[in-house]
2 protein chains.
Amino acid sequence: MTDLEIAQQATMKPIKDIAAQIGLGEDDIEPYGKYKAKISTKFEHGTPDPNHKLILVTSINPTPAGEGKSTVLVGLGDALSSLDKKTIIAIREPSMGPVMGMKGGATGGGYSQVMPMEDINLHFTGDMSALTSANNTLAALIDNYIQRDNELDLDPKRIIWKRVLDINDRALRNTITGLGGISQGVPRETGFDITAASELMAILCLATSIADLKTRISRIVVGYSSKREPITVGQLGFEDAITILLKDAIKPNLAQTLAHTPAIIHGGPFANIAHGCNSVAATMTGLNLADYTVTESGFGSDLGAEKFLDIKAPQLGKTPNAVVIVATVRALKYNGGQAKDALQEENLDALKTGMPNLLRHIANIKRYGLPVVVAINHFVSDTQAELDLIKKAVEADDTTAVITDSWAKGGEGTVALAEEVIKAADTDTTFNKLYDNKDSIEDKLNAVVTNVYGGRKAILSKKAARQAKQFTDLGWGNLPICIAKTQYSLSDDPKLLGAPTDFDIDVRELVPKIGAGFIVALTGNILTMPGLPKVPAAVNMHIDDDGKIEGLF
Amino acid sequence: MTDLEIAQQATMKPIKDIAAQIGLGEDDIEPYGKYKAKISTKFEHGTPDPNHKLILVTSINPTPAGEGKSTVLVGLGDALSSLDKKTIIAIREPSMGPVMGMKGGATGGGYSQVMPMEDINLHFTGDMSALTSANNTLAALIDNYIQRDNELDLDPKRIIWKRVLDINDRALRNTITGLGGISQGVPRETGFDITAASELMAILCLATSIADLKTRISRIVVGYSSKREPITVGQLGFEDAITILLKDAIKPNLAQTLAHTPAIIHGGPFANIAHGCNSVAATMTGLNLADYTVTESGFGSDLGAEKFLDIKAPQLGKTPNAVVIVATVRALKYNGGQAKDALQEENLDALKTGMPNLLRHIANIKRYGLPVVVAINHFVSDTQAELDLIKKAVEADDTTAVITDSWAKGGEGTVALAEEVIKAADTDTTFNKLYDNKDSIEDKLNAVVTNVYGGRKAILSKKAARQAKQFTDLGWGNLPICIAKTQYSLSDDPKLLGAPTDFDIDVRELVPKIGAGFIVALTGNILTMPGLPKVPAAVNMHIDDDGKIEGLF
């Protein structure tokens, strides 16, 4: 059966029953249909019980097909629930663009899924649309501003605020707008990103209240004056209107797993260009209401987990009690040089060669002082010898490894992992932060490159070096940094697999995300607007006269 | 008090109670928050009781500030309810773009409003966003198609499908997309419309089922091959994906008035470029469930009502039992030549000069064989002499006129109108259609120009004449026509006020909307993407730390 078929055959509980499981009454939620709701209780209220545990799920460097991190996460949530632990999973909401592009949603898989999966993968509760509207309303207000008196002398050539759509549309990457004559706008080169890459998405995911949301929106730098002075949304006076457009989107969404574990699915910033974690509001809500909150960050420990720990955790006021690293036989063979189309074949040599990748991710998490459990996510093609090899190598590294079967068996296939996670989360730990925000931009970059990526150092281009100085002069030097990098390698070269060491990271350009509160460092060629493949998933979809969908995933 | 303040102080009933009033159980609706719902019962099922009455509200040619048509409509619904008639109002949903631009929502006003007004004027249940996503996913699929093999030889210079946003953004009217080199798309000139102008909006509002929705989407002509052959969505194979994106948007939305009359608020196509009526699904649902369904069409009888009667009614299978024409002292003085900034001053001469405008609209409706009631919508600045003058002139024309005070007094101020409407709707009538779809495009255009606008004839430009022949050869000659024209005049010249006679209508260009099922005839300079004013409404909005909004309208 496909994921969609499994989901369509499942029975959901009414969302008010799911809410009741975590102590939320009907007045605490706003239903969106029968099986989705926004949590209307103010998430910022209440102080989480310090005994409530936060579990972070991350992974090794993946293959292009992904390693089932969400699937293991959902299975872990269900397994904890089955062990009578009051559990909430807190994950990102999917971007719709890729749903129409490459096959594959973002709601787990097999018997470890969140529901209603069709809704969640399509419009859900409208958060992505609200972000699109807010982002583009700001863009329209900016273009209208330069068309009119332009009192702050915003330079049309130096506007950095782009428009967004939640669609894979390569034709919008580079555009000229404002054509058609004097009354049609100011012609300028600009472009569109996918909505998940909007700074507003990052802001929504880091804001701790409506007031904080508005403050962050005010701080957004939309461009520079012709004298190169940064111009913010607050200076233009647009922050209230943009906040109004996001006042519902900031409320966390409640859904459920196939096994009826409450799932808070909220926010989905890109894990390369932004920090890649679900919202602080969602995770905070989980921590308030449940004994165990299981959350994720995008891609591997080098991308998502690093950003979770260095960017999100300070806003959350809490670091994880345990970290799960999802590894697969296939991805480790891929990291060991096995060809992409031969990953189903047993190859112990390739696996052995790829193992240092997993060990590097383990070391990364341990560096932060956090307990690690490795989840070896089982695929049908795995051989026992391969599974044994990984398990032994991890145990030799003094780390626990558990084989999970979340896709085929749901929570039942993830109980052993849950038991180890419970043990790990009871460990006393001291969080060991990677850098101090007061360090220079270069020092912070080097801290990530040497201590997380395992490389030599960050090499800044002339432009990036000039920007580092400018940004420091502008008072932005104290912000954490967010490195935009390929997810396929610990380095900035997607072909450098395993656990490379003798490499530098080339920082091409810095981008100020002052509203979100970090500086993005661009490495390699990171696309912020995906394209559609030769045969988009859209052409294989079907809907019948009763509205039943086939071929969505 | 402002409209927003009145709305914020009102008490709403839970939406399930409103649903219960019209016989819908909890399984028939999908709540969106506590006070909004989608009606999930299949709207196409059931045959309306022929005794159920349909009331259409239209108006004279308005001033730029509008004449309170929605306000009278809401008041009429509440008045009918207060007279123990089971009533549903079925109106359009607002476009968000103008909300951020010019002051003014689209949910009625004063004590005749629909609620929750903030939600309805902002994201509501996500229909506009779903349309934006569907429209732009289709655009991305088309651009991807020409970037790839392009087997049907779709000519990049002849693509007529544009992108849309629900934002007033003049800088997007004329754009070049696909820049940046060979892998970034095919560069071409294109642009964005506002979402309400998308053909998908017109389709959503005319479709009678999911199957009909998909059929109409298949028929959309997206452009032409280099041999000038039309290429449809169906030929490209994208219809299922686009239908999937609209499967929830097609369900009518339920809300309520301040007096708790059920309000179905669904669909909002532009009344100039498209047919300007709320959805067939919504009106059909009203007719199924209520004794009186009060609905609207955009602008005056020359624009909205003509299109309601010639385009929507055939899909609905029902014509109105009575038509209300909303007139105001101000707008008639404006039509009589009074300056825009002096409309508050009494001027009986200007009023007398403007009266023929109202008489022309009355004649238009009577031509269709429908009973008319004129609602003189009372404004504070009106004098008794002015009100009397209109009433007498209408009565001299053998038509009933009633003064309404819907803004200040809600349903109570509209009871006299309701009583006359009830009487009028009990009249036996024979609908007298304006043209036969089998008539030629030119004949249909002339039928509207002579019999509705009161002009001489339609003059087709060379281009339009060539298109009329092409479209007829392509088999599109049997479709109704939809004239895109200014709302300020019965002619195509916004400055020709009153009831002009010696004018022709210049048809500049024809646009095939084969999915919607009509041919648009462009006259004058109709903008399909509004711009923002010098001081956008957005800059005067405020949201406090608790999420309470001020200055929205």
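Coordinate-derived values only; no laboratory data. Just so it is clear, the model here is predicted, and its values are computed rather than measured. We place every Cβ from the backbone using ideal geometry, glycine too, and count neighbours over all the protein chains shown.
Odds and ends about this structure:
- Reduced Cα scattering model of segment A:450-494, Debye log10 I(q)/I(0), q = 0.20, 0.22, 0.32 Å⁻¹: -0.81, -0.92, -1.14
- Within chain A, helix-based [θ] at 222 nm, where runs of 4 or more DSSP H residues each add -39,500 (n - 2.57), nearest 500: -9000 deg cm²/dmol
- Between helix A:127-147 and chain A: long-axis angle, C-alpha atoms, 0 to 90°, nearest 10: 20 degrees
- Semi-axes of the equivalent ellipsoid of segment B:128-245 are 22, 19, 12 Å, computed as sqrt(5λ) over the eigenvalues of the C-alpha gyration tensor in descending order.
- The charge dipole of chain A, taken about its Cα centre with unit charges on the Cβ atoms of Lys, Arg (+1), Asp and Glu (-1) only, comes to about 1480 debye.
- Among the trypsin sites (Lys or Arg not before Pro) within segment A:433-499, those in coil by DSSP and having at most 13 neighbouring Cβ atoms inside 10 Å are A:K438, A:K457, A:K495.
- Each peptide in A:340-350, A:296-306 receives the mean, over its residues, of other Cβ atoms within 10 Å, and ordering these scores from highest gives A:296-306, A:340-350.
- Copy-to-copy label separations for A:E189, where each label sits 7 Å from Cα toward Cβ, in nm and ascending: 2.1
- Mean shadow area of the protein assembly as shown, taken as a quarter of the surface of its Cα convex hull (nm²): 40.3 nm²
- Projected area, mean over directions - segment B:1-70, Cα convex hull, nm²: 7.8 nm²
- Dipole moment magnitude, nearest 20 debye, the protein assembly as shown about Cα centre, only Lys, Arg, Asp, Glu C-beta charged: 2420 debye
- Against chain B, whose longest principal axis comes from its Cα atoms, helix B:462-473 is set at around 80 degrees.
- For segment B:416-470 versus segment A:386-425, the spacing of their alpha-carbon centroids is 73 Å.
- Closest Cβ on chain A to the rotation axis that carries it onto B (distance rounded to whole Å): A:S129, 2
- Amide H to amide H, with H built 1.01 Å from N, A:I60 comes under 5 Å of A:V326, counting only residues 5 or more places away or on other chains.
- When each of the peptides B:131-139, A:82-90 is scored by the mean number of other C-beta atoms lying within 10 Å of its residues, the order from highest to lowest reads B:131-139, A:82-90.
- Three-way shape call for segment A:204-260 based on the alpha-carbon gyration tensor, with the a/c threshold at 1.5: prolate
- Report note on the peptides B:498-507, A:358-367, B:66-75: ranked by the mean count of other C-beta atoms within 10 Å, highest first, their order is B:66-75, A:358-367, B:498-507.
- Share of pairwise Cα-Cα distances greater than 29 Å in segment A:400-553 is 47 percent (whole percent).
- Shielding by partners, peptide A:146-159 (average Cβ within 10 angstrom, other chains): 1
- Nonlocal amide H pairs with A:F379, under 5 Å, H built at 1.01 Å: A:V329
- Here the 3J(HN,Hα) profile of segment B:218-232, calculated from phi with Karplus coefficients 6.51, -1.76 and 1.60 at θ = phi - 60°, is 4, 7, 3, 8, 8, x, 10, 6, 5, 8, 6, 8, x, 10, 9 Hz, Gly and Pro shown as x.
- Shape parameters for segment B:22-112, alpha-carbon atoms, Rg then Dmax in Å: 16.0, 44
- About the centre of its Cα atoms, segment A:1-123 shows a dipole size close to 180 debye [charges on the beta carbon of Lys, Arg (+1) and Asp, Glu (-1) only; nearest 20 debye].
- Around the amide H of A:I231, modelled in the peptide plane, lie the amide H atoms of A:V222, A:G223, A:Y224, A:S225, all under 5 Å away and 5 or more residues distant in sequence or on another chain.
- Segment A:508-553: Rg to Rh, with Rh as the Kirkwood radius over Cα pairs: 1.31
- A viscosity of 0.890 mPa s and a temperature of 25 °C, combined with the Kirkwood radius over Cα pairs in Stokes-Einstein, give a translational diffusion coefficient for segment B:372-482 of 139 µm²/s.
- Distance from the Cα centroid of segment B:175-203 to that of segment A:97-172 is 16 Å (rounded to whole angstrom).
- In the calculated pair-distance distribution of segment A:1-155, the portion above 23 angstrom amounts to 53 percent of the Cα-Cα pairs.
- Between segment B:482-553 and segment B:328-384, the Cα center-to-center distance that results, in Å: 21 Å
- Each copy carries a label point for B:M102 at 7 Å from Cα toward Cβ; from one copy, the others' points are 4.7 nm away, ordered from shortest.
- Cross-link reach is defined here as a Cα-Cα straight distance under 18 Å, omitting same-chain residues fewer than 8 places apart; for A:K433 the lysines meeting it are A:K307, A:K312, A:K318, A:K366, A:K444.
- Relative to the other identical copies, B:N451 shows label-point distances of 8.2 nm, where the label point lies 7 Å from Cα along the Cβ direction and values run shortest first.
- Calculated log₁₀ intensity ratio I(q)/I(0) where the Debye formula runs over C-alpha points of segment A:441-523, q = 0.14, 0.16, 0.20 Å⁻¹: -0.43, -0.56, -0.84
- When the alpha-carbon atoms of chain A are used, the pair Rg, Dmax equals 22.7, 71 angstrom.
- Partner chain coverage, peptide A:242-254 - average Cβ within 10 angstrom: 4
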